[in-house]
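Following: one structure in structure tokens, then a few remarks.
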Amino acid sequence: MLTIPVCLAAPSVGAAQERCPDAEVRVRFIREHLERDAANARTWSLGWGLTSVGVAAGSLTLAAFQSDTNARTGGYVWSGVSLLPAAILLLFPLRVMRDARSLDATAPADCEALARAEALLERDADQEAAGIAWYSHAVAIGFNVGLGASLGYALDDWGNNALSAGIGIALSELQILTQPTGALRARERYRAGALEAAPAPRAWLSPLVLPHTRGIAVAARF
């Protein structure tokens with residue numbers, strides 16, 4: 001658990017510093033890490049949201065040209081399912097994108113500011129940890145396997161639905177594995193008291209939408 005030094009009454013800046021030592025350093029550490037993580041989260045969310053829409057559009061187009069009724073029906077279902085990642089990103093975005101903006105760099109780094117910054121770091125790290133936890137992988141794999149088996153049995157079309165399920169699993173796993181975890185790693189360093197300059201971010205991949213180009217590129221950041 002984070003130790004949050006709360007300042008019930010700070011009559012002066014000097015008193016606040018005595019109650020919350022290194023408050024300015026700690027607040028700056030949290031703010032800088034959340035800002036960088038938020039930038040990564042926005043790129044990741046936009047890239048995967050548009051990838052989801054693109055996959056859905058491609059599936060719908062392929063399904064429309066299927067001569068077999070069952071294959072066409074299955075294609076329509078998978079096209080709709082492909083929009084789920086985009087919907088989830090809209091309904092449950094990474095909170096760090098909003099939380100980073102709420103930490104005002106011009107505000108005084110007193111006890112209250114430190115307590116708020118620590119609370120934001122804690123909840124952003126918790127959300128990122130949940131996003132890459134084992135049960136997130138289990139849900140993604142189980143959903144695609146279950147849907148593929150159900151459609152394969154109902155439509156008597158095991159080949160196409162097995163392929164669609166495999167693609168769904170691959171995309172879901174790649175999305176989970178590329179989720180930014182800057183807040184999670186920042187919390188580990190903060191708890192360890194490693195408040196020196198942040199190291200270079202780890203490499204991560206995400207679909208990246210580029211202006212004045214067609215298609216989707218995959219970018220690696222180091």
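The values are calculated or read from the model by the stated rules, or taken from the named source; none is laboratory data. Everything quoted here is computed from the prediction, not taken from an experiment. With ideal geometry, Cβ positions are generated from the backbone for all residues, glycine too; neighbour counts draw on all protein chains shown.
Rundown of residues vs (1) at pLDDT 95 or above; (2) more than 24 Å from PRO21 (Cα to Cα); (3) of a type in the set (D, E, K, R), yes/no style:
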site: ALA38; (1), (2), (3): yes, yes, no
site: TRP48; (1), (2), (3): yes, yes, no
site: SER52; (1), (2), (3): yes, yes, no
site: ARG95; (1), (2), (3): yes, yes, yes
site: LEU103; (1), (2), (3): no, no, no
site: GLU112; (1), (2), (3): no, no, yes
site: ARG123; (1), (2), (3): yes, no, yes
site: HIS137; (1), (2), (3): yes, yes, no
site: ASN144; (1), (2), (3): yes, yes, no
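Among the residues of this structure, SER59 counts as one that is within 20 Å of ALA162 (Cβ to Cβ), assigned to a helix (DSSP H, G or I) and out of contact with any Asp or Glu (no Cβ under 6 Å at 6 or more places or on another chain). When the test is whether a residue is at pLDDT below 95 and either under 24 Å from ALA56 (Cβ atoms) or within 15 Å of the chain's Cα centre (by Cα) (or both), ASN160 passes it.
Would a scan of region 18-29 turn up a residue that is more than 30 Å from CYS111 (Cα to Cα), free of Cβ contacts under 8 Å to residues at least 40 places away in the same chain and not aliphatic (A, V, I, L, M)? No, there is no match, as no residue in region 18-29 is more than 30 Å from CYS111 (Cα to Cα), free of Cβ contacts under 8 Å to residues at least 40 places away in the same chain and not aliphatic (A, V, I, L, M). The single residue among GLN179, GLN175 that is at pLDDT 95 or above, on the phi < 0 side of the Ramachandran plot, buried (at least 18 other Cβ atoms within 10 Å of the Cβ) and touching a Phe, Trp or Tyr at 6+ places or on another chain (Cβ under 6 Å) turns out to be GLN175.
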